[in-house]
Every structure is written in structure tokens, then in C-alpha cells.
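Below is one structure, written out as C-alpha cells; the observations come after it.
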Amino acid sequence: MLALIVARSLNGVIGKEGRIPWRIPGEQSQFRQLTEGECVVMGRKTYEEIGRPLPRRLNIVVSSTASYEGENLLTAPTLRAAIDAAGERDIYISGGAALFREAMPMAEKLYVTEVELIVEDGDVFFPDIPPGEFALTVGEWEGGDVRYRRTEYTRIKRDG
């Protein structure tokens, strides 16, 4: 299975000045739950923001300019090479925007955490979800000062 996993503001922002523009306790729990034991694929900038491989999962960094190697850490020159390197594991694309755009047509699921914020000066955006291609399941709002809700998009299977 190939899925995109992201948290975005109500206006689609996923980044600002090289960082996620919020820190919300509990918001990342679904990410850990879904990706542990599986494969997380990310671009170079996303990996550099995190600064280390995420534990208990295979990390593949897509980059044509940098090389990262280590325990549970690989570099692939393309998204296709990263998918091939993941083997039988479920694959979760975790950013950035260019990788999300490239992987969207292949995604079977989208795990989107909607953060109840408008980020006026964001500079990285999640791509538009193609209308009519996914069925949407919406969760309840959670959180304290900044609320969020989990949404899940499942690709609609078409006959033929």
C-alpha cells in the first residue's frame, strides 16, 4: 500500500521557513502508529528538518544531490527507486510538497490531519486532492488550544 501522510492547516500550509508551523501535543501520534515497522519516504529537506532517521521504520530519503546511509536509512534518487527499495512494506510518503504531488496519482490512501489554523505566511502547501478520486472519512476534532481532526481519503476503485 502506498499512502500520503500529512498535517496541514485549513489553508493547506504544511511548511513555513523550513519548519512545520505548529507543535501540538498528541497530533503526531497517528503518524507513529501507522508508520512503525513500515517505510517512510521523504524528500531531502523534510529529512534535514527532522535531522535523524525515525526509529522503528525504514527511512528512505529521495534526493539526487545528497546521500544518507545508516541503520534503517537509505537514499534513493527517485520516488520510483524508493518504492522499489521499500520491498513488501507499506509506504508512507511524508513530504515535502513535490514528493506529495508526484505520489498523489499512485496513492491508495491519504491520511490528512487538518489543523484548525490559518497560516498566513506559509511557504509550502499540500497539493489539491483530486475531486471524485477519493472517498472521505472525517474524524472528530481533538486537541486543546489548537484543535485538529484526522481525515482519511481512500481511493475509489473504478471498474475497467
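The values are calculated or read from the model by the stated rules, or taken from the named source; none is laboratory data. Keep in mind the model is a prediction, meaning the values are calculated, not measured. All Cβ positions, even for glycine, are placed from backbone atoms using ideal geometry, and neighbour counts span all protein chains on display. Just the protein is used for accessible areas: all its heavy atoms, side chains included, with ligands, DNA and RNA removed. Shrake-Rupley method; radii C 1.70, N 1.55, O 1.52, S 1.80 Å.
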**Fill in**
Selection from the stretch 113-138 of residues small (Gly, Ala, Ser) and within 15 Å of Ala7 (Cα to Cα) yields Gly122
**Asked** Restricting attention to the stretch 132-160, which residues are among the small types (Gly, Ala, Ser) and touching a strand residue (DSSP E or B) at 6+ places or on another chain (Cβ under 9 Å)?
**Response** Ala135, Gly139, Gly143
**Message:** Every residue in the stretch 107-135 that is open to solvent by 70 Å² or more (accessible area, probe 1.4 Å) and under 17 Å from the mean Cα position of the chain (by Cα), please.
**Reply:** Glu108, Asp123, Phe125, Asp128
**Item:** Cβ pairs under 8 Å, 6+ apart, first in the stretch 115-138 and under 13 Å from Met104 (Cβ atoms), second loosely packed, with under 10 Cβ neighbours inside 10 Å
**Value:** Glu133/Ile156; Phe134/Ile156
**Prompt:** Any residue at all in the stretch 139-148 that is part of a strand (DSSP E or B), within 20 Å of Val13 (Cβ to Cβ), open to solvent by 40 Å² or more (accessible area, probe 1.4 Å) and basic (Lys, Arg)?
**Reply:** yes
**Asked** Mind checking which residues of the stretch 139-160 are farther than 16 Å from Met1 by Cβ, touching a residue at least 12 places away in the same chain (Cβ under 8 Å) and of a type in the set (Lys, Arg)?
**Response** Arg147, Arg149, Arg150
**Asked** Can you tell me which residue in the stretch 60-74 is farthest from Asp84 (Cα to Cα), limited to those that are in contact with a Leu (Cβ under 9 Å, 6 or more places away or on another chain) and surrounded by fewer than 19 Cβ atoms within 10 Å (Cβ to Cβ)?
**Response** Tyr68
**Asked** Just one of Arg32, Arg44 is within 18 Å of Ala86 (Cα to Cα), of a type in the set (Lys, Arg), modelled with pLDDT of 95 or more and out of contact with any Lys or Arg (no Cβ under 6 Å at 6 or more places or on another chain); which is it?
**Response** Arg44
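For the stretch 75-90, how many residues meet the condition of being assigned to a strand (DSSP E or B) and open to solvent by less than 10 Å² (accessible area, probe 1.4 Å)?
Qualifying residue count for the region: 1.
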**Complete:** If we ask which residues in the stretch 4-59 are polar (S, T, N, Q) and either open to solvent by 60 Å² or more (accessible area, probe 1.4 Å) or more than 13 Å from the chain's Cα centre (by Cα) (or both), their number turns out to be 5
**Request:** Please identify the pairs in which a residue from the stretch 1-27 that is more than 18 Å from Gly43 (Cβ to Cβ) and of a type in the set (S, T, N, Q) has its Cβ atom under 6 Å from the Cβ atom of a residue that is assigned to a strand (DSSP E or B) and open to solvent by less than 20 Å² (accessible area, probe 1.4 Å), counting only partners at least 6 apart or on another chain.
**Result:** Ser9/Val115
